[in-house]
Amino acid sequence: MASRTQRRCSLHRWCAPIVLLVLLAGCNAAPPPARRAVDVRPDDTCAVCGMELARSPGPRGQAWVSGHAQPLMFDSTRDFFAYVLQPENRSVLQDLYVQDTARIDWRHPGRDAGTFIDARSATYVVWQPLPGSMGPTLAPFADHEAAEAFAQAHGGAVLAFAAITPDLIATLGYRCPATPAQGAAACIRVQATEPTASAPPVPHAH
């Protein structure tokens with residue numbers, strides 16, 4: 001009869017490879033499939049402020065979040081960043097989208113999913129004078145040169161997604177800040193009157 005020690009050794013020889021395979025399978029698990037931007041629905045509301053997107057000027061945002069069957073919607077890129085930059089939200093974020101300013105009419109940005117671009121690879125003009133739904137907001141662009149041209153025409157600074165911080169969003173205004181701030185050194189200052197929601201110098205889609 002086999003001793004207890006021999007039986008234990010035999011069991012370990014069988015179990016060790018199985019445990020190793022399970023661990024490898026977990027390490028090589030594929031990431032969740034990419035989710036595309038969707039059309040904005042007439043009754044969609046902002047996940048941050050609760051405003052209806054249908055009445056909002058300026059580019060909007062969408063965030064796919066784990067556990068949700070539909071993306072969260074945002075009536076402005078400022079509210080979009082206010083959500084995605086929160087530390088408690090970062091672990092559940094999946095695909096992120098914002099509307100390309102070059103593809104929309106600022107006053108009436110529309111609902112078409114085709115106007116949305118990947119938020120992480122977009123270029124943003126911050127401290128620009130065109131108002132969003134809740135005041136100052138960011139103008140995203142798929143093309144960096146288009147963002148530079150927009151800043152030259154309207155003012156602001158051109159920043160990448162990774163350069164946008166919670167502090168920047170919390171203190172965002174219509175014009176380049178007078179005090180030193182992240183990215184402010186690249187600001188282009190354009191003489192302009194204080195913008196209003198009724199009559200801003202609005203760019204139109206190409």
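The values are calculated or read from the model by the stated rules, or taken from the named source; none is laboratory data. Everything quoted here is computed from the prediction, not taken from an experiment. Here Cβ is always computed from backbone atoms with ideal geometry, including for glycine, and neighbour counts include all displayed protein chains.
In summary, C49 fulfils each of the numbered conditions (1) in a loop (DSSP other than H, G, I, E, B); (2) touching a residue at least 60 places away in the same chain (Cβ under 8 Å); (3) farther than 28 Å from P177 by Cα with the single exception of condition (3). Does Q182 satisfy being surrounded by fewer than 22 Cβ atoms within 10 Å (Cβ to Cβ) and within 24 Å of T45 (Cβ to Cβ)? Considered against the rule, which asks whether it is surrounded by fewer than 22 Cβ atoms within 10 Å (Cβ to Cβ) and within 24 Å of T45 (Cβ to Cβ), Q182 comes out as no. Looking only at residues in the stretch 153-171 that are assigned to a loop (DSSP other than H, G, I, E, B) and touching a residue at least 60 places away in the same chain (Cβ under 8 Å), the one that is surrounded by the most Cβ atoms within 10 Å (Cβ to Cβ) is I164. Within the stretch 73-88, no residue that is farther than 17 Å from E52 by Cβ and in contact (Cβ under 8 Å) with a residue 60 or more places away in the chain sits with its Cβ atom under 7 Å from a residue that is of a type in the set (K, R) and not in a helix (DSSP H, G or I) at 6+ positions apart or across chains.
As for the stretch 55-67, it holds at least one residue that is at positive phi, surrounded by 14 or more Cβ atoms within 10 Å (Cβ to Cβ), touching a residue at least 40 places away in the same chain (Cβ under 8 Å) and touching a strand residue (DSSP E or B) at 6+ places or on another chain (Cβ under 6 Å). The condition (being touching a Gly at 6+ places or on another chain (Cβ under 8 Å), of a type outside the set (D, E) and at pLDDT 95 or above) is satisfied by just one residue among P71, P59: P59.
Within the stretch 50-69, being over 20 Å from R90 (Cβ atoms) and of a type outside the set (D, E, K, R) holds for G50, M51, L53, A54, S56, P57, G58, P59, A69.
Residues of the stretch 71-115 that are closer than 30 Å to A185 by Cβ and in contact with a Phe, Trp or Tyr (Cβ under 7 Å, 6 or more places away or on another chain): F74, F80, Y83, N89, Y97, V98, Q99, D100, T101, A102.
Of all residues in the stretch 101-116, those being surrounded by fewer than 22 Cβ atoms within 10 Å (Cβ to Cβ) and either in contact with a Leu (Cβ under 7 Å, 6 or more places away or on another chain) or closer than 10 Å to P140 by Cα (or both) number 2.
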